[in-house]
Amino acid sequence: MTDRETTRLIAWSHELRRVHTRLREALLVTRTALDDGVAGENATRDLLLYCHGFCTALDGHHQGEDRKLFPAIEAAHPHLAPVLRSLRQDHSMIAHLVTGLRAAVERSATRAELDRHLEGIEAIMESHFRYEERQLLAVLETLDLNTTPEETLGPL
């Protein structure tokens, strides 16, 4: 194996961490938009923009994992099937929470309700990311996956 191949293999673990960091930052920007916003059309428009960006990025990340990353991991490491099943369940739960947040933003829900939606997403997302990193980072350092980071981990 060449140094370049080794670098690419190890880079999958770095790519996953990078995406998780960017999603955490996107959630923080969204929460800041909510915290800084006062009632009014501009605050609602800004929150819609930030929520849309965050929700789209998070959803795209999970779709990429479900479509590309998890099947490759399961093929190479069948013993991880229960872990991957649990991560897919998390994706489904997070998608449900994100749908609720989008609906709340679109109907101009109260700040308290929006905050509850963001807190729920943040709690599940953080737990999911930590579990995923604990279970998969070592595997990703040896995974041979012929795809782009955007196809595999989402558009970030």
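Before moving on, here are some points about what is shown:
- As a proxy for reagent exposure, S92, S86, S13 were ordered by neighbouring Cβ count within 10 angstrom, fewest first; the result is S92, S86, S13.
- 3J(HN,Hα) along region 134-149: 4, 7, 10, 4, 5, 5, 5, 5, 10, 6, 9, 10, 9, 7, 8, x Hz, from the Karplus curve 6.51 cos²θ - 1.76 cosθ + 1.60 with θ = phi - 60°, whole Hz, x for Gly and Pro.
- Packing-based exposure ordering (other Cβ within 10 Å, fewest first) of E65, E113, E119: E119, E113, E65
- Degrees separating the helix 3-36 axis from the principal Cα axis of the chain, which is the longest one: 10
- Which label in (1) 49, 38, 30; (2) 58, 33, 24; (3) 58, 30, 21 gives the computed Cα extents along the principal axes in Å: (3)
- Relative contact order of the chain, pairs being alpha-carbon contacts under 8 Å that are 6 or more residues apart, as %: 43
- Tensor-based shape of region 70-156 (alpha-carbon gyration tensor, a/c under 1.5 rounded, otherwise prolate or oblate): prolate
Read the figures in this text as sums done on the coordinates, not as results from a lab. Keep in mind that this is a model prediction, so the values were computed, not measured. Cβ atoms come from the backbone with ideal geometry, glycine included; neighbour counts cover every protein chain shown.
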